[in-house]
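This report refers to the structure that appears directly beneath it.
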Amino acid sequence: RGALEKMAALTIHVVLLWGIFGVSQAVGVIRGNKINSMATGTRMSHYPLRALYQRTRTKAAVVTEWFNPAEKYELSEEIKRGEGPIILYVPGVDGTGLTPFAQYAEICSKYDLMCLSLNRSERCSFSDIQDMVKKKIAEYKSEGREVWLIGESFGGIVSLSLGMGSSDERSTPDRIITVNSASAFDRTFYGRISPGLITLPEPFFTMAVIPVGFLVLDQLMFQNIAQASLMAANGIFPDILKSPERQEFISKIAPDLIESMLLRSDDLRWRVANWVLPGCSEVNPRLSEVKVPVLAVAGTQDLLLPSKEEAMKFKEEIPSCEVILIEGAGHAGTLDQRTDLTSIIESWVKQ
């Protein structure tokens, strides 16, 4: 059991490290063989991948909190705070609140942003997470502000559930943006077998979920990483990450994202059984009851979920819904540097 769990963890880490470090290279996080660790104030050199992997095994789990990423990771440029619509980001099953890190600087330049993170060993229920978000919505609405939700993957289920007709107006969002909503999970292969899968003893559960680490990727992600790395070598960066301040900002987030992505098998079992499946059961029969405008963003090459089909289903069943498809993007790549989510949101709001 121990050996298989280590193998699964290593597999997931290799996937994450490859993708995140490639993007990090594209924005100048890695210079030569050295990486700055902002969290510890130390410098790791010669073997950056090994050093960061060691950090993931020793640092305490992420805490359950709401945070503004620009403030937490000290983005050294002007940000929007305390006025206009506030965006609340609800994470996927990873619970980190950090996966759209490439988007945060641009979003924070235009909107007030707060992100939810959930402790790795958090044993709350789907309704508990709903209550966390409802409380935050009500807090800002009491100040007379509009509240928009961005729900990624599992967060899309939570967000849609709070926009339905029976929801209390004081805790109902004004707009919802879903990204590869996991509401389709119960119609996937893993979704159909998950009631039995989560009851499997170790090492069989760990063996069964190892492939999931690869299903979140897409072919263009690696092509984009290679292309972006070559461009970065010539000082060319994506528009949303052009400034040195934003490149430094990304360098502070990337190590924490890698550290906080590691889920134990027991944590994953809990989240599927008590978050995703109950959420799907609550939301899917009631999509027509969603009473707020919805923007469904989906990657066309999502191997984990039928995200494109789910977005089109939303357009058919939700009274006010627009769809944006990110061509070639998989589950994890939809909000990488190829996408400018802020521009997408602004165009949608202006319609």
Exercise for review: Would you calculate the separation in nanometres between label points at LYS350 and PHE214, each defined as 7 Å from the Cα along the Cα-to-beta-carbon direction?
Suggested key: 4.3
Practice item. Starting from the Cα of LYS313, draw a straight line to each of the aspartates and glutamates and keep only those under 12 Å, dropping any in the same chain fewer than 8 residues away. Key: GLU322
Exercise for review: Give the cross-link partners of LYS350 among the lysines, using a straight C-alpha distance below 21 Å as the criterion and excluding same-chain residues fewer than 8 apart.
Suggested key: LYS80, LYS110, LYS291, LYS315
Exercise for review: Name the aspartates and glutamates eligible as straight-distance cross-link partners of LYS252: C-alpha to C-alpha under 12 Å, and not fewer than 8 places from it in the same chain.
Suggested key: GLU71, GLU74
Exercise for review: Tally up the carbon and sulfur contribution to the accessible surface of the range 79-127 as a whole percent, 1.4 Å probe, everything protein left in place.
Suggested key: 46
Practice item. Take the Cα coordinates of the range 77-191, assign each an equal point scatterer, and use the Debye formula without solvent to give log10 I(q)/I(0) at q = 0.11, 0.13, 0.19 Å⁻¹. Key: -0.35, -0.49, -1.02
Practice item. Give, as a single signed number, the net charge of other residues whose beta carbon lies under 12 Å from the beta carbon of VAL93, with Lys and Arg counted +1 and Asp and Glu -1. Key: -1
Revision key, fill the gap. The extension gain from SER288 to ARG81, computed as 0.36 nm times the residue separation minus the Cα-Cα distance, is 71.1 nm
Exercise for review: Could you let me know the centre-to-centre spacing of the range 297-333 and the range 98-118, using Cα atoms, in angstrom?
Suggested key: 21
Study note, to complete from the structure: Contour minus Cα-Cα span, LEU325 to ALA138, at 0.36 nm per residue, comes to 64.2 nm
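The values are calculated or read from the model by the stated rules, or taken from the named source; none is laboratory data. The structure presented is a predicted model; accordingly, all values stated were derived computationally and were not measured. Please note: Cβ atoms are built from the backbone with ideal geometry, for glycine as well, and neighbour counts cover all protein chains shown. For the accessible areas, the whole protein counts, side chains as well, though only heavy atoms, and no ligand, DNA or RNA atoms are used. Shrake-Rupley method; radii C 1.70, N 1.55, O 1.52, S 1.80 Å.
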